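S.K.: This is the structure, below, for whatever I ask next.
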Amino acid sequence: MTNEIILELKNIVKNYDGKKQVINNISLQIKKGETIALVGKSGCGKSTLLNILGGFECVTKGQALFNGQEIIKPTRQCVMLMQNYGLLPWKNVRKNIEFAFEGIKLAQKEQQERTDYYLGLVNLTENEKTMPNALSGGMQQRVALARALVMKPQVLLFDEPFAALDTFTRYYLQDELVKIKNEEQTTMVLVTHDIDEAIYLADRIIILNQNSGEIQKEFQVKLSIPRERASADFQYYREAIFKEFQFTQEQQTIEFNI
Ligand SMILES: Nc1ncnc2c1ncn2[C@@H]1O[C@H](COP(=O)(O)OP(=O)(O)OP(=O)(O)O)[C@@H](O)[C@H]1O
Ligand SMILES: [Mg+2]
């Protein structure tokens, strides 16, 4: 991680169709190479925030910046990975990855080398000719990941990327992300409901508050990588984060009783 700021939110506010503010005065600076996890209850605005960073939604007030420039539309430098993988069913694994090069000028040799490299990085070299319908969910997500990586984006955005997968496939893919983080120094922003996933992957965990639309709490995860899920330190973060959620629940109950 460097000290250079790659993504910045300055006092942003977001409301849809003039209704209640989903995001209320959030400011955040993300450093190059940093991994951020966004957590919070359903409807608290995690996807909205991610969509603003990806250029899919605009802010109502404030500024969202990527390398100092206002984010106004999606770019190949800041790629979003969806939960449904978005693979083309009529193209095999290799062709799905190569689809990323569509519309950009890149020498054939470079395209081939990058595809080979990232197929290897996500452990799919032997499956390059397989069609998507013959792949498991975890493999499909790895193809989607390789397709994003061949573009060598500066930022990867993930909206609950592993939510549909079983625990062991999740663990495996989380390790893939750790590997990518080490090898590519890509900046990552990850929305997740899984607190362990957030602690395992993130340098910083941001908890959004559903009621106020603000950042409720921020945790700097000061654990060395690779992280040990069973360690006492890991447990410390888990408890601290759970406490945050209990706290808001108590608050809501009190308000409700009044
Ligand atoms: N396009 C839209 N138009 C109107 N309202 C929207 C739109 N997208 C989201 N919202 C509203 O904004 C709020 C935040 O939604 P968002 O999808 O960002 O939440 P989330 O934290 O990602 O939730 P989840 O964990 O369930 O995915 C919700 O109340 C939602 O109904
Ligand atoms: Mg969401």
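The values are calculated or read from the model by the stated rules, or taken from the named source; none is laboratory data. Just so it is clear, the model here is predicted, and its values are computed rather than measured. FYI the Cβ positions are ideal-geometry reconstructions off the backbone, even for glycines, and counts take in every protein chain you see. In case anyone asks, the SASA skips ligands and DNA or RNA and just uses the protein heavy atoms, side chains included. Shrake-Rupley method; radii C 1.70, N 1.55, O 1.52, S 1.80 Å.
S.K.: Among the candidates Asn209, Asn182, which residue alone is within 16 Å of ligand 2 (Cβ to nearest atom) and surrounded by fewer than 19 Cβ atoms within 10 Å (Cβ to Cβ)?
M.R.: Working: Asn182 fails: within 16 Å of ligand 2 (Cβ to nearest atom).
One residue alone meets the criteria, Asn209.
S.K.: Does Phe101 qualify as being among the hydrophobic types (A, V, I, L, M, F, W, C), open to solvent by less than 30 Å² (accessible area, probe 1.4 Å) and within 16 Å of ligand 1 (Cβ to nearest atom)?
M.R.: Details: among the hydrophobic types (A, V, I, L, M, F, W, C): yes; open to solvent by less than 30 Å² (accessible area, probe 1.4 Å): yes; within 16 Å of ligand 1 (Cβ to nearest atom): no.
No.
S.K.: Then there's this: From the set of residues in segment 54-85 that are open to solvent by 70 Å² or more (accessible area, probe 1.4 Å) and part of a strand (DSSP E or B), which is farthest from Gly213 (Cα to Cα)?
M.R.: Gln69
S.K.: Let me ask something else about it. How many residues does segment 15-52 contain that are at positive phi and open to solvent by less than 60 Å² (accessible area, probe 1.4 Å)?
M.R.: The initial filter retains those residues of segment 15-52 that are at positive phi, namely 17-18, 25, 33, 40, 43, 45.
Filter again for open to solvent by less than 60 Å² (accessible area, probe 1.4 Å), leaving 33, 40, 45.
Residues in segment 15-52 being at positive phi and open to solvent by less than 60 Å² (accessible area, probe 1.4 Å): 3 in total.
S.K.: Condition test on Asn67, is it more than 22 Å from Tyr200 (Cβ to Cβ), within 16 Å of ligand 2 (Cβ to nearest atom), at pLDDT 95 or above and not acidic (Asp, Glu)?
M.R.: Working: more than 22 Å from Tyr200 (Cβ to Cβ): yes; within 16 Å of ligand 2 (Cβ to nearest atom): no; at pLDDT 95 or above: yes; not acidic (Asp, Glu): yes.
The answer is no for Asn67.
S.K.: Can Thr75 be described as away from ligand 1 (no atom under 16 Å from the Cβ), hydroxyl-bearing (Ser, Thr, Tyr), under 17 Å from the mean Cα position of the chain (by Cα) and closer than 30 Å to Glu218 by Cβ? Break it down stepwise before answering.
M.R.: Details: away from ligand 1 (no atom under 16 Å from the Cβ): yes; hydroxyl-bearing (Ser, Thr, Tyr): yes; under 17 Å from the mean Cα position of the chain (by Cα): yes; closer than 30 Å to Glu218 by Cβ: yes.
Against the criterion (away from ligand 1 (no atom under 16 Å from the Cβ), hydroxyl-bearing (Ser, Thr, Tyr), under 17 Å from the mean Cα position of the chain (by Cα) and closer than 30 Å to Glu218 by Cβ), Thr75 qualifies.
S.K.: Would you confirm whether or not segment 54-63 contains a residue that is touching a residue at least 12 places away in the same chain (Cβ under 8 Å), under 17 Å from Ile205 (Cα atoms) and in the same structural domain as Ser224 (by the TED database)?
M.R.: Of all residues in segment 54-63, those touching a residue at least 12 places away in the same chain (Cβ under 8 Å) come to 54-63.
Now narrow it down to the ones that are under 17 Å from Ile205 (Cα atoms): none.
For segment 54-63, residues touching a residue at least 12 places away in the same chain (Cβ under 8 Å), under 17 Å from Ile205 (Cα atoms) and in the same structural domain as Ser224 (by the TED database): absent.
S.K.: Related question: Tell me, please, whether a residue that is in contact with a Ser or Thr (Cβ under 7 Å, 6 or more places away or on another chain), on the phi > 0 side of the Ramachandran plot and more than 16 Å from ligand 2 (Cβ to nearest atom) can be found in segment 55-62. Full working, then the answer.
M.R.: Going residue by residue through segment 55-62, those that are in contact with a Ser or Thr (Cβ under 7 Å, 6 or more places away or on another chain) are 55, 57.
Going one step further and asking which of them are on the phi > 0 side of the Ramachandran plot, we end up with 55.
Of the ones still in play, those that are also more than 16 Å from ligand 2 (Cβ to nearest atom) are 55.
Yes: one or more hits.
S.K.: Follow-up question, since we're still on this one. Check off (1) of a type in the set (Asp, Glu); (2) modelled with pLDDT of 95 or more; (3) within 16 Å of ligand 1 (Cβ to nearest atom) for Asp159 and give me the number that stays unchecked.
M.R.: (2)
S.K.: Test each condition in (1) at pLDDT 95 or above; (2) in contact with a Phe, Trp or Tyr (Cβ under 9 Å, 6 or more places away or on another chain) for Leu81 and report the one that comes out false.
M.R.: Only one criterion in (1) at pLDDT 95 or above; (2) in contact with a Phe, Trp or Tyr (Cβ under 9 Å, 6 or more places away or on another chain) is unmet by Leu81, namely (1).
S.K.: I need every pair where a residue in segment 125-144 that is farther than 17 Å from Gln112 by Cα has its Cβ under 7 Å from the Cβ of a residue that is acidic (Asp, Glu), sequence separation at least 6 or different chains.
M.R.: Every condition considered, the pairs that remain are Arg142/Glu176.
S.K.: Further question on the same structure: Can you name every residue in segment 152-197 that is in contact with a strand residue (DSSP E or B) (Cβ under 9 Å, 6 or more places away or on another chain) and in a loop (DSSP other than H, G, I, E, B)?
M.R.: Those that are in contact with a strand residue (DSSP E or B) (Cβ under 9 Å, 6 or more places away or on another chain) and in a loop (DSSP other than H, G, I, E, B): Pro153, Gln154, Glu160, Pro161, Thr186, Thr192, His193, Asp194.
S.K.: A further question on this structure: Which strands (runs of 3 or more DSSP E) does segment 1-48 wholly contain that include 1 or more residues that are more than 24 Å from Phe242 (Cβ to Cβ)?
M.R.: Details: elements: 5-15, 21-31, 35-39.
By residue number, 5-15, 21-31.
S.K.: Taking Thr48 as the residue in question, decide whether it is within 13 Å of ligand 2 (Cβ to nearest atom) and not acidic (Asp, Glu). Explain how you work it out, then say what you get.
M.R.: On the way: within 13 Å of ligand 2 (Cβ to nearest atom): yes; not acidic (Asp, Glu): yes.
Judged against the criteria, Thr48 is a match.
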